[in-house]
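For reference, the structure is listed below as structure tokens.
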Amino acid sequence: MLNEVIKSAEGSMQKAIESLKNDLGKLRTGRAHPSIVEGVKVDYYGTETLLKHVANITVSDAKTITITPWEKNLVKTIEKAIASANLGLNPVSDANLVRVPLPPLTEERRKEMAKVVKATAENFRVAVRTARHQALEDLKELLKEKEITEDDERRAKDTVQKLTDKYVAEIDKIAVAKESELMSI
């Protein structure tokens with residue numbers, strides 16, 4: 001019983017870390033990365049489809065993303081989708097592919113993105129605390145049902161708190177690293 005509650009809480013906290021890394025990976029840092037455009041939706045025969053499902057996305061150099069559609073007639077559609085996605089990018093199409101040069105980030109934009117990193121990290125700290133809260137509620141319920149002793153509950157609460165502290169510290173570390181990455185030129 002206790003191990004299930006603790007494992008469930010740790011699983012939720014681990015998912016929060018993975019989601020944070022995924023979300024922060026989408027933030028542009030001045031270096032080209034496929035995740036910047038992967039989520040752009042393209043009109044694929046009347047269906048909104050993610051770009052990563054209709055094209056090969058590669059990084060040709062530090063400042064350029066190259067998108068090679070699997071069907072040549074999608075080149076113009078992909079170019080329009082990226083231009084209208086509010087990413088601040090200006091794609092250029094060739095015969096068979098789309099090149100997306102990344103403009104340099106201004107200091108003001110870097111500061112805005114640092115604020116986004118802080119807000120995102122705080123949202124995931126809340127998610128970790130919510131997992132802790134749920135675990136503590138489950139422990140109370142187990143104690144109430146007399147399935148565990150008070151000592152077991154106290155030890156489990158300490159374990160859950162240590163997990164919470166560990167994952168919040170990891171979130172802080174990830175956020176600080178992303179902020180420093182954003183602020184470096």
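Residue by residue, here is whether (1) charged (D, E, K, R); (2) closer than 30 Å to Gly88 by Cβ; (3) not assigned by TED's automatic domain parsing to the domain that holds Ser19 holds:
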{"position": "Glu112", "(1), (2), (3)": "yes, yes, no"}
{"position": "Val116", "(1), (2), (3)": "no, yes, no"}
{"position": "Glu122", "(1), (2), (3)": "yes, yes, no"}
{"position": "Arg125", "(1), (2), (3)": "yes, yes, no"}
{"position": "Ala131", "(1), (2), (3)": "no, no, no"}
{"position": "Gln134", "(1), (2), (3)": "no, no, no"}
{"position": "Lys140", "(1), (2), (3)": "yes, no, no"}
{"position": "Glu145", "(1), (2), (3)": "yes, no, no"}
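Just need a number here: residues in region 1-20 that are under 30 Å from Lys111 (Cα atoms) and surrounded by 14 or more Cβ atoms within 10 Å (Cβ to Cβ).
7
For region 61-85, what are the residues that are within 24 Å of the chain's Cα centre (by Cα) and closer than 14 Å to Val37 by Cα?
Within region 61-85, Lys63, Thr64, Ile65, Thr66, Ile67, Ile78, Ala81, Ile82, Ala83, Ser84, Ala85 qualify.
Going through region 50-76 one residue at a time, which ones are crowded, with 17+ Cβ neighbours inside 10 Å and farther than 21 Å from Leu105 by Cα?
Leu51, Val54, Ala55, Ile57, Ile67, Pro69, Leu74, Val75
Check off (1) in a helix (DSSP H, G or I); (2) more than 21 Å from the chain's Cα centre (by Cα) for Ile148 and give me the number that stays unchecked.
If we test Ile148 against (1) in a helix (DSSP H, G or I); (2) more than 21 Å from the chain's Cα centre (by Cα), just (1) comes out false.
Residues checked against (1) β-branched (Val, Ile, Thr); (2) under 30 Å from Lys166 (Cβ atoms); (3) out of contact with any Leu (no Cβ under 7 Å at 6 or more places or on another chain):
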site	(1), (2), (3)
Gly11	no, yes, yes
Ala16	no, yes, yes
Leu20	no, yes, yes
Leu24	no, yes, yes
Ala32	no, no, no
Ala62	no, no, yes
Asn73	no, no, yes
Pro91	no, no, yes
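Enumerate the pairs (first residue in region 171-185 and surrounded by 12 or more Cβ atoms within 10 Å (Cβ to Cβ); second residue anywhere and among the hydroxyl-bearing types (Ser, Thr, Tyr) and at pLDDT 85 or above) with beta-carbon separation below 9 Å, excluding pairs fewer than 6 apart on the same chain, so at least 6 apart or on different chains.
What qualifies is Ala175/Thr120; Lys178/Thr120.
Within region 138-145, is even one residue assigned to a loop (DSSP other than H, G, I, E, B) and free of Cβ contacts under 8 Å to residues at least 40 places away in the same chain?
Yes.
Need a quick list: strands (runs of 3 or more DSSP E) entirely within region 21-84 having at least 1 residues that are polar (S, T, N, Q).
Result: 47-50, 55-61, 64-69.
Might you let me know whether region 148-155 holds any residue that is surrounded by fewer than 16 Cβ atoms within 10 Å (Cβ to Cβ) and basic (Lys, Arg)?
yes
The values are calculated or read from the model by the stated rules, or taken from the named source; none is laboratory data. All values derive from a computational prediction rather than experimental measurement. Ideal geometry is used to build each Cβ from the backbone, glycine not excepted, and the neighbour counts take in all protein chains shown.
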